[in-house]
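Student: Quick one: the structure is below, and I'll ask about it shortly.
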Amino acid sequence: MSNWLTQALAQYQSSDSTDWLSAAREKSLQQLHNTAWPTRKTENWRYTPLACLERTSVAEPTNDAFTAESIEGLECIEIVFVNGKLVSELTDNIPGVSISLLSESKESAQNLFQKVKPEHHVFGLVNDVLASAGVVIDVDESVVVDTPIRLVHWQNGGESHVRHLVRVGKGASLAVIEEYRGDNPLVATQYAEYQLEDDAKLNHYRFALHTNQAMVVGGSHFNLSDRSELHSTLIGFGSLLSRVDIDINHCGEHAMATQNSVYLLEGKEIFDLHSNVEHTKPNGTTEENIRGIVGDEAKAVFNGRIHIHRHAQKTLAELNNRNLLLTNKAEVNTKPELEIYADDVRCAHGATVAELDTKALYYLRSRGVSEQEARIMLNFGFINELIEQLPLEPLVEWLQGELKRRFNDLRNQIPGVEAV
Amino acid sequence: MSQAALLSVKGLEAKVEDKTILKGLDLEIKPGEVHAIMGPNGAGKSTLGYVLSGREGYEVVGGEATLAGTELLDIDIEERSRAGLFLAFQYPVEIPGVSNLEFLKSSVDAHREAQGLEPISSKEFLKEAREACKQVNLPAEFLKRGVNEGFSGGEKKRNEIMQMLLLKPKLCILDESDSGLDIDALQVVAEGVNSMRDGERSFVVVTHYQRLLDYIKPDFVHVLSDGKIVKSGDASLALELEAQGYSWLTEQRSADPIEMHKEVM
Amino acid sequence: MTEEIDKALARQYEAGFVSDVESETFPPGLDEDVIARISARKEEPEWMLEWRLKAYRTWKEMSEPEWAHVDFPKINYQDISYYSAPKSMADKPKSLDEVDPELLRTYEKLGIPLVEQQMLAGVAVDAVFDSVSVVTTFREKLEEAGVIFCPISEAVHKYPDLVKKYLGSVVPQKDNYFAALNCAVFTDGSFVYIPKGVRCPMELSTYFRINEQNTGQFERTLIVADEGSYVSYLEGCTAPQRDENQLHAAVVELVAMDDAEIKYSTVQNWYPGDEEGRGGIYNFVTKRGICHTNAKISWTQVETGSSVTWKYPSCVLKGDNSIGEFYSVALTRAKQQADTGTKMIHLGKNTRSTIISKGISAGRSNNSYRGLVRMNPGADGARNFTQCDSLLIGDQCGAHTFPYVESKNPSAIVEHEATTSKVSDDQLFLCQQRGLDPEKAVSMIVNGFCKEVFKELPMEFAVEAGKLLEISLEGSVG
């Protein structure tokens, strides 16, 4: 077993275990003891080594003042955690919505904790045991929440274990932004579970924007009931260790999910995205588009599984992963998977590691744009395509700014573009 | 006529993969002239535009081409554009994620830079771009969308003309800009072109049909067949072609009346 | 419709007869002594025995791979007999006339009358019956061209330098569990050497058959195409119908030197087990080729048999501009399980690979494509295109796709696509409306689905493959 894990779990054993989650935590602890620590031979961790957890000592977290940069033009409810501690007020003035701290929640959360997140994630089990920061959001039936809820986590060292639990009631609608940032060597597990009841609608954003010394593992997990609708967008910058698991379970019929992800990696960063979609009921629809640009000596890992169960007839599921590789020290490892046990379904996946579209390059140049600039435009356009169509315009502009900042570090590596 | 040619193409030969498409094409266009190029399918009409603009895969094996004294065939695609060559594509490519606005400003600035001018201010550019949109009947929102992304066929063609208005080229090659357009859209395209006729700017209108030429009056009409210009004349030649088809001009005379009919349809 | 399909699919395995040939078979069990006896029976030189023993020791340290999407009871490797030879082989026949007529009748039943093939098809055949190579036809004509085509056991004696140089050079002993086992106990197989610049004057072919009960078959094939040469090689496989599972763990190594081309085609029709999944062959095969500069290796396979298939014919594209191809049709029915695909390892510049895989699942079977495309940092300008299509017939089967793409070169292009479909009611309706019976319609649609692969097979095999699919699908629709 890993030293890191032993030490991490020691915190739990020595802590007060009278909280409402203790039974659930005990169960996960037991399971963790029976689970092998991932190695390179563990299929789900084939390309992402965990040795950094043992080797790197985390920074001492300081209580520097942190204010979340606001998103210009976007009115949202901001809930801010710094090093795992809530530093903002919890609002209680949205009709039909209750927001409480994980540590203070009880009844409603009982039905959400561990109910959506699959059990096979080792770090998810660690999070079960240690989760302390996070909120529980419950949206009543038919309530349409106009203001997005933005959950910001900032950390500058130490360890934190974040868990959000969200339930969107029947016919209700909500937008949630999970935003994770951090500086200095740090360790974090960051999980969120979402239960969408019948006809519920969720716009979900997860931004993993740590700097390169973070070691973060986490995931967003969704249960979709009948006719519910999920639109999820993930933006990932890599870091020393950055792993995200997205799980979407079609537990009801006629549910619909779109999942778009963008990663932009530089330096020696690793970004590892696993998405898993379970179609257990008929008539579900899933569309996933995952794109990444990988430069310097960074490594991208993508594993996208779509699992159509025996009775999930009339499922439509598509997944597409496209990558641009900028240097020959960078690497992309992608594995789209289909597991299909029903015949009357339409499923497809595609994965490419490729160069730019030469027709587009010619078109831009034929209008007088220089080849270099055309290449830069097309590279940015490649990821921007998944961003520009998001429904909240101020969020789009803010995101484009975030992406551009990072993209500018990479642009000189684009093949055919000389360093300026 | 002592005036110097704007475009001069001499003995142009070009091939795609191993197939020779242009087999010694000559064409001379003076400032302000409109030339129509007509001809049967596979004659090399689109190839001419691709070769002059420098598309990859179109290999020049002989001949020369100059635009306002600039040797076109030796320079890069973007340099040809900055030298004043504009090709309005038959099938403009979609470039999702790259906004029209960003793209157009980059190209306008590149053209300005080549002329020793400062980049245009965003404000002024936006004004010009909106103006251009209005002129070709495209809503200004199109500027924010990805280049040609999700545009209908007609919108793509109008977008091409809009770009032409902004870039103010010396020579415009319209590659079947009329194909797939209804009569209203056709008029918009034609009006865009006509508004740019100023006695200096020249046009090459590549088309299958006489129809477009009702709106854009050509000074000369050429018939391109099997990689060469086989006949030239004035606007009346287009009417003649409309009535009789191409077969009387082409070497491989088609014996099949249905085939002949197809060519003029 | 499902019930009708199930019923209809309960067809007879046409190659499921047992030949009444008297055999000498080792008692079950495996240890160094057994290996020594195999080696002695083959009158092998000392180095060969040492090589086997080394492999055996490696194998003992290894464990069976568990990552494939297949499920079968644990194999007891001590319950298997590792050598079986028809008794009449004891004094090897020098020509067809000397071959036991019963054996020849077996081949006739299988549809490969040697004599007839000699005359008609001009295909040179090496037939491996249980563990021993029975006869190699057309030898003289090949010798004229300088082509060596003989049982590998014979090559060990006659061409020891070639065998020593290349055996295990593409698939190392410790490559995987089944390959290591094969190295220790392989009994026969084919050896082919095409000299520089020679275009092999005819298709070469091997037929494998497992006849004895409780025997494993561990054949070993080694093909070396020297610079600028060309060879097309075909293999076919059958086994009798038995209630017990039988193990087949073969190794095939291909070496394509500069500018050489090897085309390797397989029609695999081992006994697939009965409707309930009893019996059938465990087909755990390692096939790999290495391509030097400008060389090309093309794998084409039609897999309809075996109860469990674990097989990934691969190409190591070492030389610049080399080409690897993999064309596969895998059909599973009843309770068959197949986990098959390929690996394309791009090392050299401008290397190219194409993967076309067609999986057809029916009954309660599971059919998986598993592939790896790897672009190494040196593979400038390399290209891969992969297309995996699955067709499901009935709602009790499974079709799966597990492609691994690993790229470390910014100028390399990898494209992978996969789709899943079924024989649609619309397609069936159209065919029926035009007067076809549903069975014919399904077979037509499936054949169409596989067309891209069949066109890669040599003519006579393409016909056989089409027929095989038709038989396998017989009456799949009411």
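The values are calculated or read from the model by the stated rules, or taken from the named source; none is laboratory data. Only a predicted model underlies this, so the values are computations on that prediction, with no experimental measurement involved. Cβ coordinates were reconstructed from backbone atoms using ideal geometry, including for glycine residues, and neighbour counts include every protein chain displayed. Quick note on the areas: whole protein, heavy atoms, side chains included, nothing else; ligands and nucleic acids left out. Shrake-Rupley method; radii C 1.70, N 1.55, O 1.52, S 1.80 Å.
Student: Among the candidates B:V34, B:V93, B:V9, which residue alone is surrounded by fewer than 20 Cβ atoms within 10 Å (Cβ to Cβ), among the aliphatic types (A, V, I, L, M), out of contact with any Cys (no Cβ under 9 Å at 6 or more places or on another chain) and touching a residue at least 24 places away in the same chain (Cβ under 8 Å)? Spell out the reasoning first.
Tutor: Details: B:V34 fails: surrounded by fewer than 20 Cβ atoms within 10 Å (Cβ to Cβ); B:V9 fails: surrounded by fewer than 20 Cβ atoms within 10 Å (Cβ to Cβ).
So the residue among B:V34, B:V93, B:V9 that is surrounded by fewer than 20 Cβ atoms within 10 Å (Cβ to Cβ), among the aliphatic types (A, V, I, L, M), out of contact with any Cys (no Cβ under 9 Å at 6 or more places or on another chain) and touching a residue at least 24 places away in the same chain (Cβ under 8 Å) is B:V93.
Student: Just one of the numbered conditions (1) in contact (Cβ under 8 Å) with a residue 24 or more places away in the chain; (2) out of contact with any Phe, Trp or Tyr (no Cβ under 6 Å at 6 or more places or on another chain); (3) of a type in the set (G, A, S) is not true of A:S2; which one?
Tutor: Failing condition for A:S2: (2).
Student: So C:N269 clears everything in (1) touching a Cys at 6+ places or on another chain (Cβ under 9 Å); (2) open to solvent by less than 10 Å² (accessible area, probe 1.4 Å); (3) among the polar types (S, T, N, Q) except one condition, right? Which one?
Tutor: The one condition C:N269 does not meet is (2).
Student: If you scan region A:351-373, which residues turn out to be assigned to a helix (DSSP H, G or I) and open to solvent by 30 Å² or more (accessible area, probe 1.4 Å)?
Tutor: A:T358, A:K359, A:E371, A:Q372, A:E373
Student: Mind listing whichever residues of region A:352-376 are more than 17 Å from A:R322 (Cα to Cα) and facing another protein chain (nearest Cβ under 7 Å)?
Tutor: If the condition is that a residue be more than 17 Å from A:R322 (Cα to Cα) and facing another protein chain (nearest Cβ under 7 Å), then A:K359, A:Y362, A:Y363, A:L364, A:R365, A:S366, A:R367, A:G368, A:V369, A:S370, A:E371, A:E373 are the ones that fit.
Student: Of the conditions (1) out of contact with any Gly (no Cβ under 9 Å at 6 or more places or on another chain); (2) modelled with pLDDT of 90 or more; (3) farther than 26 Å from C:G236 by Cα, C:D437 fails just one. Which one is it?
Tutor: Single failed check for C:D437: (2).
Student: Would you list the strands (runs of 3 or more DSSP E) that sit entirely within region C:343-429 and hold 1 or more residues that are β-branched (V, I, T) and surrounded by fewer than 20 Cβ atoms within 10 Å (Cβ to Cβ)? Working first, answer last.
Tutor: On the way: elements: C:352-362, C:366-375, C:383-393, C:398-407, C:413-422.
Of the strands (runs of 3 or more DSSP E) lying wholly inside region C:343-429, those with at least 1 residues that are β-branched (V, I, T) and surrounded by fewer than 20 Cβ atoms within 10 Å (Cβ to Cβ) span C:352-362, C:413-422.
Student: Exactly one condition in (1) more than 10 Å from chain A (Cβ to nearest Cβ); (2) in contact (Cβ under 8 Å) with a residue 40 or more places away in the chain; (3) farther than 14 Å from C:L317 by Cβ is not met by C:A382; state its number.
Tutor: (3)
Student: Still on this structure, please answer the following. I need the full set of residues from region A:288-321 which are surrounded by fewer than 19 Cβ atoms within 10 Å (Cβ to Cβ) and either facing chain C (nearest Cβ under 8 Å) or more than 21 Å from C:N367 (Cβ to Cβ) (or both), in order please.
Tutor: Selection gives A:N289, A:D296, A:E297, A:R310, A:Q313, A:K314, A:L316, A:N320.
Student: Kindly indicate which of C:A8, C:A15, C:A85 is modelled with pLDDT under 90, small (G, A, S), in contact with a Lys or Arg (Cβ under 8 Å, 6 or more places away or on another chain) and not in a loop (DSSP other than H, G, I, E, B). Don't jump to the end; show me each part of the working.
Tutor: Numbers: C:A8 fails: in contact with a Lys or Arg (Cβ under 8 Å, 6 or more places away or on another chain); C:A15 fails: not in a loop (DSSP other than H, G, I, E, B).
Just one listed residue meets the conditions, C:A85.
Student: Taking the conditions exactly as written (open to solvent by less than 50 Å² (accessible area, probe 1.4 Å), hydrophobic (A, V, I, L, M, F, W, C), away from chain A (no Cβ under 13 Å) and farther than 25 Å from B:Y50 by Cβ), does B:F142 satisfy them or not?
Tutor: Working: open to solvent by less than 50 Å² (accessible area, probe 1.4 Å): yes; hydrophobic (A, V, I, L, M, F, W, C): yes; away from chain A (no Cβ under 13 Å): yes; farther than 25 Å from B:Y50 by Cβ: yes.
Spelling it out, B:F142 is indeed open to solvent by less than 50 Å² (accessible area, probe 1.4 Å), hydrophobic (A, V, I, L, M, F, W, C), away from chain A (no Cβ under 13 Å) and farther than 25 Å from B:Y50 by Cβ.
Student: Looking only at region B:190-224, count how many residues are assigned to a strand (DSSP E or B) and either at pLDDT below 90 or open to solvent by less than 10 Å² (accessible area, probe 1.4 Å) (or both).
Tutor: Here is the first cut: in region B:190-224, the residues assigned to a strand (DSSP E or B) are B:202-206, B:220-224.
With either at pLDDT below 90 or open to solvent by less than 10 Å² (accessible area, probe 1.4 Å) (or both) added as a condition, the list becomes B:202-206, B:221, B:223-224.
Residues in region B:190-224 being assigned to a strand (DSSP E or B) and either at pLDDT below 90 or open to solvent by less than 10 Å² (accessible area, probe 1.4 Å) (or both): 8 in total.
Student: Which is within 20 Å of the chain's Cα centre (by Cα) and of a type in the set (A, V, I, L, M), of C:L331, C:L317, C:L392? Outline the logic, then answer.
Tutor: On the way: C:L317 fails: within 20 Å of the chain's Cα centre (by Cα); C:L392 fails: within 20 Å of the chain's Cα centre (by Cα).
After ruling out the rest, the residue left standing is C:L331.
Student: Every residue in region B:166-186 that is within 14 Å of chain A (Cβ to nearest Cβ) and open to solvent by less than 20 Å² (accessible area, probe 1.4 Å), please.
Tutor: Selection gives B:L166, B:L167, B:P169, B:L171, B:C172, B:I173, B:L174, B:D175.
Student: Looking at region A:189-205, can you tell me whether even one residue there is under 25 Å from A:N379 (Cβ atoms) and in the same structural domain as A:G84 (by TED's automatic domain parsing)?
Tutor: First, pick out the residues of region A:189-205 that are under 25 Å from A:N379 (Cβ atoms): A:205.
Still in the running and in the same structural domain as A:G84 (by TED's automatic domain parsing): A:205.
Looking for residues that are under 25 Å from A:N379 (Cβ atoms) and in the same structural domain as A:G84 (by TED's automatic domain parsing), one finds at least one in region A:189-205, hence yes.
Student: Looking only at region B:74-90, decide whether some residue is surrounded by 17 or more Cβ atoms within 10 Å (Cβ to Cβ) and over 30 Å from B:V60 (Cβ atoms). Outline the logic, then answer.
Tutor: Just the residues of region B:74-90 that are surrounded by 17 or more Cβ atoms within 10 Å (Cβ to Cβ), to begin with: B:77-90.
From what is left, the residues that are over 30 Å from B:V60 (Cβ atoms) are none.
No, every residue in region B:74-90 fails to be surrounded by 17 or more Cβ atoms within 10 Å (Cβ to Cβ) and over 30 Å from B:V60 (Cβ atoms).
Student: May I ask you to list pairs of residues, at least six apart or on different chains, whose Cβ atoms are under 8 Å apart, with the first in region C:199-227 being closer than 17 Å to C:R288 by Cα and the second being modelled with pLDDT under 80 and open to solvent by 10 Å² or more (accessible area, probe 1.4 Å)?
Tutor: Once the first residue is closer than 17 Å to C:R288 by Cα and sits in region C:199-227, no partner that is modelled with pLDDT under 80 and open to solvent by 10 Å² or more (accessible area, probe 1.4 Å) comes close enough.
Student: Additional query: Scan region A:166-221 residue by residue and report those that are touching a Leu at 6+ places or on another chain (Cβ under 6 Å) and more than 19 Å from A:S98 (Cα to Cα).
Tutor: Correct list: A:R181, A:R206, A:Q213, A:A214, A:M215.
Student: Does region A:385-407 contain at least one residue that is at the interface with chain B (Cβ under 7 Å from one of its Cβ atoms) and part of a helix (DSSP H, G or I)? Before you say what the answer is, go through the steps one by one.
Tutor: The first filter runs over region A:385-407 and keeps only residues at the interface with chain B (Cβ under 7 Å from one of its Cβ atoms), leaving A:385, A:388.
Then keep just the ones that are part of a helix (DSSP H, G or I); that gives A:385.
Yes, region A:385-407 has at least one match.
Student: Open to solvent by 60 Å² or more (accessible area, probe 1.4 Å), at positive phi and assigned to a loop (DSSP other than H, G, I, E, B): is that true of B:G150 in this structure? I'd like the intermediate steps shown before the answer.
Tutor: On the way: open to solvent by 60 Å² or more (accessible area, probe 1.4 Å): no; at positive phi: yes; assigned to a loop (DSSP other than H, G, I, E, B): yes.
Taking the combined requirement at face value, the residue does not satisfy it.
Student: List pairs: first in region B:156-181 and under 16 Å from A:L364 (Cβ atoms) and in contact (Cβ under 8 Å) with a residue 40 or more places away in the chain, second part of a helix (DSSP H, G or I) and aromatic (F, W, Y), Cβ under 6 Å, 6+ apart or cross-chain?
Tutor: Correct list of pairs: empty, since none qualify.
Student: I need the full set of residues from region A:160-200 which are among the hydrophobic types (A, V, I, L, M, F, W, C) and not in a strand (DSSP E or B), in order please. I'd like the intermediate steps shown before the answer.
Tutor: First, the residues of region A:160-200 that are among the hydrophobic types (A, V, I, L, M, F, W, C): A:162, A:165-166, A:168, A:172, A:174-177, A:186-188, A:192, A:196, A:200.
Of everything in region A:160-200, those that are among the hydrophobic types (A, V, I, L, M, F, W, C) and not in a strand (DSSP E or B) turn out to be A:A172, A:A200.
Student: When you go through A:A330, A:A257, A:A300 one by one, which is the residue that is assigned by TED's automatic domain parsing to the domain that holds A:K117 and farther than 30 Å from A:V58 by Cα? Before you say what the answer is, go through the steps one by one.
Tutor: On the way: A:A330 fails: farther than 30 Å from A:V58 by Cα; A:A300 fails: farther than 30 Å from A:V58 by Cα.
Every option except A:A257 fails the conditions.
Student: Quick one: would you say A:G238 is assigned by TED's automatic domain parsing to the domain that holds A:G292, under 13 Å from the mean Cα position of the chain (by Cα), touching a residue at least 24 places away in the same chain (Cβ under 8 Å) and crowded, with 24+ Cβ neighbours inside 10 Å?
Tutor: Criteria met by A:G238.
Student: I'm trying to understand the selection: among the residues of region C:20-44, which are in contact (Cβ under 8 Å) with a residue 60 or more places away in the chain and exposed (fewer than 14 other Cβ atoms within 10 Å of the Cβ)? Before you say what the answer is, go through the steps one by one.
Tutor: Let us first name the residues in region C:20-44 that are in contact (Cβ under 8 Å) with a residue 60 or more places away in the chain, namely C:20-25, C:28, C:30, C:34-35, C:38, C:42-44.
Selection gives C:D20, C:E22, C:E43.
Student: While we're here: If you scan region B:100-139, which residues turn out to be surrounded by fewer than 21 Cβ atoms within 10 Å (Cβ to Cβ) and of a type in the set (F, W, Y)?
Tutor: Scanning region B:100-139 gives a single hit, B:F125.
Student: Exactly one of (1) under 22 Å from the mean Cα position of the chain (by Cα); (2) farther than 17 Å from A:N289 by Cα; (3) not charged (D, E, K, R) is unmet by A:Y341. Its number?
Tutor: For A:Y341, the exception is condition (1).
Student: Condition first: among the β-branched types (V, I, T) and open to solvent by less than 60 Å² (accessible area, probe 1.4 Å). Now tell me which residues in region A:63-97 satisfy that.
Tutor: Within region A:63-97, A:I71, A:I77, A:I79, A:V80, A:V82, A:T91, A:I94, A:V97 qualify.
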